[in-house]
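Each value in this text was obtained by applying a stated rule to the coordinates, not by laboratory testing. Since the structure is predicted, the reported quantities are computational estimates derived from the model, not experimental observations. Don't worry about glycine lacking a Cβ; one is built from the backbone with ideal geometry, like all the others, and counts go over all protein chains shown.
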Amino acid sequence: MIRYIIKRIILMVPAIIATSFIIYFAMNMTGGDPALTLAPENATEQQIEEIREELGLNDPIYVRYGKYMLGMLKGDLGTSYVTKRDVFKTFMERLPNTIELAFTAVLIATLIAVPLGIYTAIHQNTWKDTGGMVFALFGVSMPNFWLGLMLIIIFSLNLKWLPSGGKEGIRSLILPALTVGMGFAALITRTTRSAMLDVIRQDYMTTARAKGASEKTVIFQHGLKNALIPIITVIGMQLSNALTGSVLAETVFSWPGVGRLIVDSISKRDTPMVTGAIIMSCVLMCVVNLVIDLIYAFFDPRIKAQYSRKG
Amino acid sequence: MAKLNDNNEVKSRSMAQETWRRLIKNKGAVIGLIFLLTLVVVSILSGFIYDYDTDIIALNMGEALQAPSAAHWFGTDSLGRDIFARILYGARYSLMIGVGAVAIGLVIGVTLGAIAGFYGGAVDQIIMRVVDVFYSIPNIMIAVVIVSLLGTSTVNLLIALCFTCATSFTRIARASVMTIRDQEYVEAAYELGLPTWKIILKHIIPNCLSPIIVQVTLLIGTTIIAASSLSFLGIGVPSPAPEWGAMLSEGRQHIRDASYMCVIPGIAIMLTVLALNLLGDGLRDALDPKMKK
Amino acid sequence: MTDKILEVKDLVVQYVTDDGCVEAVNDLSFSIGKKKTLGLVGETGAGKTTTALSILNLIPSPPGEIKSGSIMLDGSDVLTMDQEELQKMRGNDVAMIFQDPMTALNPVMTIGEQIAESIELHEKISKKESMERAKEMLKLVGIAESRAYDYPHQFSGGMRQRVVIAIALACNPKLLLADEPTTALDVTIQAQVLELIKKLITERDMSMLLITHDLGVVAEVCDDVAVMYAGRIVEIGTAAEIFNETAHPYTEGLFNSLPNLKQRGEKLVPITGMMPDPMDLPEGCSFAPRCPYATEACKKANPGLRHLGGSHYVACQAYERENFKLGGEQ
């Protein structure tokens, strides 16, 4: 098992190198000449050349990429063109906000969606099922940022219960987390329902009933435990998506997270910031995916056995 | 051989009929289908009813920010433009971008997936690893980066969105091809000396049709949401076009004094995507009755 | 009190779907004596498993529904029990062995836990004690105690079926329902498992309903035999009566389609045709379309059970004719 984890961590390295390669080249080949963007309006050719020299822009791109990767090993992702601040530090400042929003949203989504998914599966083809599925259908059909706007109109403009944006204390977290969470909840409900429907028809469910187990035990002990893998997969996917920043919710609620950092930096043509932030997001995503794969092993002995063999 | 083909045709025709029979029994799918057909008709007719320059984008400051009334059913925006007209006219953007991006993604994705699945080995590895990278990054993020690299325009938006569509078609096509590749009738076709591309086109593609049809319907919905999201961020369809996401972005500036500007375009997006999802779910059940059980 | 552990009377079970109504079990009546084994024989789809699940009142609903009849288990009717009584009865009074051991075990629980669960549900003992009991059960079915902490995927099919047997017998039920317990196993393993079941039920004074399509198994294990066709019993009696004085054309067909190892080279005589679509049963005797003895009368009315002597009954109109004998009339 430990060997499996180590192997997975080693395998992450080429993935990160490949991703950073694509992103670095894409950002630096097409982004235009940053020296021109940075130079003051009436700068002379001389001054622009000095800026180029200072940023190391005169080196061939593969040399610059090499230097960039060496810096990355030391936690140095360069300096923002716009704020002149360290990219890594800026990212790390924003990250806790994104993590806070992501985890709260996923938690809300899970608490709503998993019970709802189980409930609809048990009552398949009744009006209860239809009701739950209509809720989920609306959830996946709704643009997330629009839901955010609606929540602002209802809860902060009309009822004046909650702030409409910014980040001050727990109250400002509720609306953005609900916004992000509802979109996730819809997906998780659908996945839970179909996973449970698969499981409900299995023979071992009849075995459990024939033992004299109550319906509750049968559904939760035997059913849910077997349906967990697809449910964990979809929850994990939502989490890793949310960790790269829920760009839209962060924009609607002026939430100072990673997603907005990337979008803002793109609009300001802040190449080092965009490159660094996206690469960091990818690293983060790799880690989350690994953790999810390890959680599988915890719930399913067959997967655990598979890991040990591969280990 | 000729006789065999005849039989196949009879069978596939009756399968299409069978699917259709099951589809129209599904209330949700029928509602979705009717809504979508209406929307297509509306978006075509709106081009004859309204003049883009005078009715859709012309400023009319005298009537700015009027709440919904008999004269302006959905009210007017901050520049005095009739929101009802803009919503109807805007349907074409969502539909065209959604269908367009999915269509381009379909061609690219199925080609790549068929190649990867059919040849296997190194080709497969390279294609699938690249697809995996794109699949693991949220599509909004990919689209944001691509649009920002290429610049803001409707065409670039289309390119950005077809990327994410392509990845999911690549996966479906590859999986289907890999299961079908080793079936006896494909091997038989090989031994008859049919060229590879003909085998892919004649035997393999028709067999992965049902998951692709379902995915097309559902992806058009996702793509419409993504397109409006990018427009909302200001990097989608450029102003002053009445794209629904862009209208929401304008509406957000007036969320306090004219909240209907925020409500109405969102409902338009939601109903369109809802109709697509209803149709997609219905199609999935109709194409694969086993899945419903 | 009667000497019967189970008495099924006029049982009717239907599955109602969008496409129509399947009459899975029709007017079924039989009984099992204490410490006796009844073999329920018939083709796939004859309604055997439905019968067994009805006894546990576990017909999946929807789409299944027990329309009428009674199932008296040691004097009380299973069909009128409430949820609590049912849970008390299942596993404790009546236990079931399922056909496919590959799917009957929960893949994410250790086999020890799965056996112990049954004990915990019916006896007020601690987790640790029930686990000890589970290990004893494992030993009883011939599996090392140390394997109690293994998962189903670590066992072969035959071993899994032993685990399923251990689960069923954990609470010493009075009646065991064995639904084709050996069908899914390798031929070499089948005899072992069957022997094990036979040994355990004799040791523990249990009754058994053995569902099978294998007449060889019936000959080896059963006291009484009921032959089912399309949801109805067509012949019922003691094993000796069924084997020596075969009365129903369908039972005869079953015997004729068995290979006889002593007379190699002899031609097998299959039953022609297929079982009728249970959604669309023919009028009259369901077997008539495939029956070599059928007359016009057979296609009109459904034959009731006719007493032949002893405990032997048959549902066949041919016996209204004088001197009718299987194989010998023409």
J(HN,Hα) series, the range B:211-222, from Karplus relation 6.51 cos²θ - 1.76 cosθ + 1.60, nearest Hz, glycine and proline x: x, 6, 4, 4, 5, 4, 4, 5, 5, 4, x, 4
Looking at the protein assembly as shown, what % of its DSSP beta bridges pair antiparallel, to the nearest 5? 65 percent
Helical contribution to [θ] at 222 nm, DSSP H n ≥ 4, -39,500 (n - 2.57), averaged over chain A, rounded to 500: -24500 deg cm²/dmol
Can you compute 3J(HN,Hα) from phi for each residue in the range C:239-244, using the Karplus curve 6.51 cos²θ - 1.76 cosθ + 1.60 with θ = phi - 60°, rounded to whole Hz and x for Gly and Pro? 4, 4, 4, 5, 6, 8
Lys/Arg +1, Asp/Glu -1 at C-beta; the protein assembly as shown dipole; positive extreme among A:Val134, A:Val63, A:Ala39: A:Val63
Using alpha carbon coordinates only, what is the Rg to Rh ratio of the range C:165-266, with Rh defined as the Kirkwood radius? 0.99
For chain B, longest principal axis from Cα atoms; helix B:83-119 axis from its Cα atoms; angle between them, nearest 10 degrees, is 20 degrees
Principal axis dimensions, the range C:75-162 - Cα atoms, whole angstrom, descending: 41, 30, 23
Whole-Hz Karplus ³J(HN,Hα) for the range C:144-156, in order, using 6.51 cos²θ - 1.76 cosθ + 1.60 and θ = phi - 60°, x for Gly and Pro? 4, 4, 4, 8, 4, 9, 8, 9, x, 5, 8, 10, 7
Once you sort the root eigenvalues of the Cα gyration tensor of the range B:122-249 as a ≥ b ≥ c, which label holds: rounded (a/c under 1.5), prolate (a/b larger than b/c) or oblate (the other case)? prolate
Out of residues 5 or more away from C:Thr37 or on other chains, whose amide H comes under 5 Å of its own, with H placed 1.01 Å from N in the peptide plane? C:Met208, C:Asp223, C:Asp224
Nothing charged except the Cβ atoms of Lys and Arg (+1) and of Asp and Glu (-1): what's the magnitude of the dipole of the protein assembly as shown about its Cα centre? Round to the nearest 20 debye. 1200 debye
Gaussian network model of chain B, springs between alpha carbon atoms under 10 Å - residue of B:Leu45, B:Leu192, B:Leu209 with greatest fluctuation: B:Leu192
What translational D, rounded to a whole number of µm²/s, comes out for the protein assembly as shown from Stokes-Einstein when the hydrodynamic radius is the Kirkwood one over Cα pairs, at 25 °C and 0.890 mPa s? 75 µm²/s
Sticking to Cα atoms, compute the Rg of chain A to one decimal and its Dmax as the biggest Cα-Cα distance, whole number, in Å. 24.1, 87
Explain nothing, just the number: dipole magnitude of chain B about its Cα centre with +1 on each Lys and Arg Cβ and -1 on each Asp and Glu Cβ, in debye rounded to the nearest 20. 860 debye
Rounded to the nearest 500, what is the 222 nm mean residue ellipticity of chain B from helices alone, with -39500 (n - 2.57) per DSSP H run of 4+ residues and division by all residues? -25500 deg cm²/dmol
Residues whose placed amide H lies under 5 Å from that of A:Trp255, excluding near-sequence neighbours: A:Gly166
Within straight cross-link reach of B:Lys27, meaning Cα distance under 29 Å, which lysines are found once same-chain residues fewer than 8 apart are removed? A:Lys128, B:Lys11, B:Lys290, B:Lys292, B:Lys293
How big is the range C:184-223 in terms of Cα radius of gyration and Dmax, in angstroms? 10.3, 28
Enter the mean projected area of the convex hull around the alpha-carbon atoms of chain C, in nm², rounded to one decimal. 18.8 nm²
Mean projected area (nm²) from the convex hull of Cα positions in the range C:89-138 is 3.8 nm²
Would you compute the Debye intensity of the range C:1-128 from its alpha-carbon atoms alone, equal scatterers and no solvent, and pass along log10 I(q)/I(0) at q = 0.09, 0.11, 0.13 Å⁻¹ to two decimals? -0.31, -0.47, -0.65
Would you tell me the mean number of C-beta atoms belonging to other protein chains that fall within 10 Å of each C-beta in A:144-155, as a whole number? 5
With runs of 4+ DSSP H residues as the only contributors, calculate the mean residue ellipticity of chain C at 222 nm using -39,500 (n - 2.57) per run, divided by the residue total and rounded to the nearest 500. -8500 deg cm²/dmol
Take the range B:8-154, drop everything but the C-alpha atoms, weight them equally and run the Debye formula without solvent; then report log10 I(q)/I(0) at 0.09, 0.16, 0.18, 0.19 Å⁻¹ to two decimals. -0.56, -1.10, -1.16, -1.18
Note: chain B at 4 °C, 1.567 mPa s; Kirkwood Rh on alpha carbon pairs; Stokes-Einstein D in µm²/s works out to 61 µm²/s
Using alpha carbon coordinates only, what is the Rg to Rh ratio of the range B:180-293, with Rh defined as the Kirkwood radius? 1.25
Long-range amide H partners of C:Met228 with built H, under 5 Å: C:Val41, C:Gly42, C:Val234
Among A:Pro272, A:Thr207, A:Val252 the positive-end extreme of the charge dipole of the range A:87-310 (Cβ point charges): A:Thr207
Stokes-Einstein diffusion coefficient for the range A:116-156 at 25 °C in a medium of 0.890 mPa s, Rh from the Kirkwood formula over Cα pairs: what value in µm²/s? 214 µm²/s
